[in-house]
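The next block holds one structure in the form of structure tokens; read it before the comments.
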Amino acid sequence: MLSKVLLSSAVKAIEQQWAQKSGQSTYVLMQRAGDAAFQLIRQQWPEFSRFCVVAGTGNNGGDGYILAMLLRQAGFMVTLISAGESRQGGDAERAKGEYLKSGGVTEMFFPDASQQYDLIVDALLGTGLHGEVRPKYVPFINFINNSHSPVLSLDVPTGVDADQGSFSQHTVQATATLSFIAYKPGLLSGKARAYCGDLHLASLDVDVSSSQSAMEYRQGIRLSQYRRDLASHKGLFGCVSVVGGSNGMGGALILAAEAAAYMGAGWVMASTDTQHLSALLTRNPAIMARGWDEADSLVEKTTVVVAGTGMGRNEFATRYLEKLVSQAQQRRLPVVLDADGLFWLAQQPREYDYWVLTPHDGEAARLLGVSVSEIQTDRVHWASVIQKKYGGICVLKGLGSITCDGQRSVINGSGDAGMAKAGSGDVLAGMIGGWLARTGRFDIDVVSEAVWIHGRSGEFAALRFYPESMQAGDLIAALPEVWRDQSFD
Ligand SMILES: NC(=O)C1=CN([C@@H]2O[C@H](COP(=O)(O)OP(=O)(O)OC[C@H]3O[C@@H](n4cnc5c(N)ncnc54)[C@H](OP(=O)(O)O)[C@@H]3O)[C@@H](O)[C@H]2O)[C@@H](O)CC1
Ligand SMILES: Nc1ncnc2c1ncn2[C@@H]1O[C@H](COP(=O)(O)OP(=O)(O)O)[C@@H](O)[C@H]1O
Ligand SMILES: [K+]
């Protein structure tokens, strides 16, 4: 469910430790990497028989030479394009030597355009990349990207910085990426994640459990720990007060409130502009709703507050949030603060241990006074900077959302591009609030679980309605499928 995420330097250190402990050469790991790529290809694309491997001069290229040798030995057609002489005296040179000894040849020029391959393997640059890709490599990257064939990148798509997730102007667009030993943070989040295509991991039988890392990747949750007792009553599952929805933005509030209800909260209480009450109650009569003029204090049984969705940015919203947040702080209630709530916070910065802030990259930039492109160069880092400045737990949304509590960062592995629509964020705020109430906990595990559930419901909604047509409300409607799939038993 949670796997360790390691920086490239940590993976390299583990590789050395493994060699010392086992008394074997690191070349064995390169052989395993090549073999893992061979196995993946046979499993994913059993019908493919014509391959082109583009190999660089470092160890990433070494993995490519091993793979090319295995493909040749299995009787397939292999063209190997070499970007230059392999680094002398290392594993890469040895791998190239083995490849040549087995009868393989290398090409220094690109095949003409009529040559078709079933698969191109990108073994040009891996974790050794520093800065922008140098011009010498650009023709190789263009060759790969213009090939119209599926592309398998070994370890890292060439051009992506495996640690930060920044990428070069010229970067390989992979169909699939096979990462070795452990996931690296830069591959899991933001635009760099999209360069990877389908992401696979080969551990190479190297145990990373003892390595110190504060980063994890979530690919599922264990629902059985939350099984409802037969004698359950609603008081066990908390009360979420959802506040927001000013003139014209009632939908945001309705989505957040209903999402909280569908996460299993005991009660959901919505406070909003009176014009939205009948729409809300018609859609879901199980939600208690009232106009927010009367709701100037939190109801007694509130255990979690969700605030800010569709709230507006006027004076009323400012005064209201001011009062609401200070009441919640006095009672130490968890507060999920989203959208206009984050706008308010950026104007009135303060710290609170028990809030969950859910900015997208634009909101994150405003909270920190930096540019959006800066946030996108290292999302794991910036999520932790927001957490440090404002306290509580930060969820930096987007492909590979990052949940950070100041000690740990959990990168999310679920989601679908069909979620890139207005309203998905409101649903997330409601789902987090609902899950906090439902579980009665406030910690990074439950928050990152809610983030994962939200993404998983997006995957189910996309299956049902297609990414183009799915709507934010479909994420809520897909929740029963998430529960059924994961199982509370
Ligand atoms: N660690 C492990 O456990 C295992 C690692 N394994 C594999 O090793 C890979 C890491 O290998 P690595 O360290 O040799 O680096 P790699 O990615 O091949 O690149 C090095 C070359 O890139 C060059 N270069 C750098 N920046 C550049 C730029 N901007 N533009 C252009 N070139 C640039 C640099 O040149 P230099 O700057 O030194 O002149 C050098 O020639 C890893 O990703 C995985 O596939 C597996 O075998 C299994 C076990
Ligand atoms: N391409 C994507 N892949 C995965 N999740 C996505 C993608 N695009 C958006 N999302 C998710 O959808 C939500 C969108 O939130 P946001 O941009 O705040 O929308 P809203 O307009 O509802 O405020 C976030 O949780 C984000 O992580
Ligand atoms: K690569």
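The values are calculated or read from the model by the stated rules, or taken from the named source; none is laboratory data. Everything numeric in this text was worked out from a predicted model, so none of it was measured. We place every Cβ from the backbone using ideal geometry, glycine too, and count neighbours over all the protein chains shown. We work out accessible area using only protein heavy atoms, side chains counted, and drop any ligands, DNA or RNA first. Shrake-Rupley method; radii C 1.70, N 1.55, O 1.52, S 1.80 Å.
Before moving on, here are some points about what is shown:
- Matching strands (runs of 3 or more DSSP E) fully within segment 1-113 where at least 1 residues are more than 16 Å from ligand 3 (Cβ to nearest atom) and either over 23 Å from ASN146 (Cβ atoms) or free of Cβ contacts under 8 Å to residues at least 40 places away in the same chain (or both): 2-5, 77-82
- Only residues that are part of a loop (DSSP other than H, G, I, E, B), away from ligand 2 (no atom under 16 Å from the Cβ) and among the small types (Gly, Ala, Ser) were counted in segment 140-198, giving 8.
- Being in contact with a Gly (Cβ under 7 Å, 6 or more places away or on another chain) and not assigned by TED's automatic domain parsing to the domain that holds GLN16 holds for only one residue in ARG227, ARG193, ARG218, and it is ARG218.
- Checked against (1) over 18 Å from the mean Cα position of the chain (by Cα); (2) of a type outside the set (S, T, N, Q); (3) open to solvent by 10 Å² or more (accessible area, probe 1.4 Å), ALA437 meets all criteria but (3).
- Residue, least open to solvent (accessible area, probe 1.4 Å), within segment 125-139, restricted to residues that are touching a residue at least 40 places away in the same chain (Cβ under 8 Å) and in a loop (DSSP other than H, G, I, E, B): GLY126
One line per residue, one yes/no per condition, for (1) within 30 Å of GLY341 (Cα to Cα); (2) open to solvent by less than 20 Å² (accessible area, probe 1.4 Å); (3) of a type outside the set (D, E, K, R); (4) touching a residue at least 12 places away in the same chain (Cβ under 8 Å):
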site: SER210; (1), (2), (3), (4): no, no, yes, no
site: ARG218; (1), (2), (3), (4): yes, yes, no, yes
site: LEU223; (1), (2), (3), (4): no, yes, yes, yes
site: GLY245; (1), (2), (3), (4): yes, yes, yes, yes
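- Looking across segment 256-286, the residues that are without any contact (Cβ under 8 Å) to a residue 40 or more places away in the chain and part of a loop (DSSP other than H, G, I, E, B) come down to ASP273, ASN284, PRO285, ALA286.
- LEU204 vs. criteria in contact with a Gly (Cβ under 8 Å, 6 or more places away or on another chain) and either assigned by TED's automatic domain parsing to the domain that holds HIS170 or not acidic (Asp, Glu) (or both): no
- In segment 199-243, the residue that is nearest to ALA10 (Cα to Cα) out of those that are in a loop (DSSP other than H, G, I, E, B) and among the basic types (Lys, Arg) is ARG222.
- Answer residue from segment 190-201, given it is out of contact with any Asp or Glu (no Cβ under 9 Å at 6 or more places or on another chain), open to solvent by 10 Å² or more (accessible area, probe 1.4 Å) and of a type outside the set (D, E, K, R) and is nearest to SER384 (Cα to Cα) among those: ALA194
- Residues that are free of Cβ contacts under 8 Å to residues at least 60 places away in the same chain, under 14 Å from the mean Cα position of the chain (by Cα) and either within 16 Å of ligand 1 (Cβ to nearest atom) or within 12 Å of GLY165 (Cβ to Cβ) (or both) within segment 362-395 comprise just one, ALA383.
- Looking only at residues of segment 331-376 that are hydroxyl-bearing (Ser, Thr, Tyr) and open to solvent by 60 Å² or more (accessible area, probe 1.4 Å), we find that the one that is nearest to VAL427 (Cα to Cα) is TYR354.
- Checking each residue in segment 147-160 for being within 12 Å of ligand 3 (Cβ to nearest atom) and either farther than 19 Å from GLY61 by Cα or open to solvent by 10 Å² or more (accessible area, probe 1.4 Å) (or both) picks out only ASP155.
- Only residues that are under 29 Å from the mean Cα position of the chain (by Cα) and either crowded, with 19+ Cβ neighbours inside 10 Å or over 20 Å from ALA202 (Cα atoms) (or both) were counted across segment 39-52, and they come to 1.
- Condition met for ASP122 (open to solvent by less than 20 Å² (accessible area, probe 1.4 Å) and either free of Cβ contacts under 8 Å to residues at least 60 places away in the same chain or within 14 Å of ligand 3 (Cβ to nearest atom) (or both)): yes
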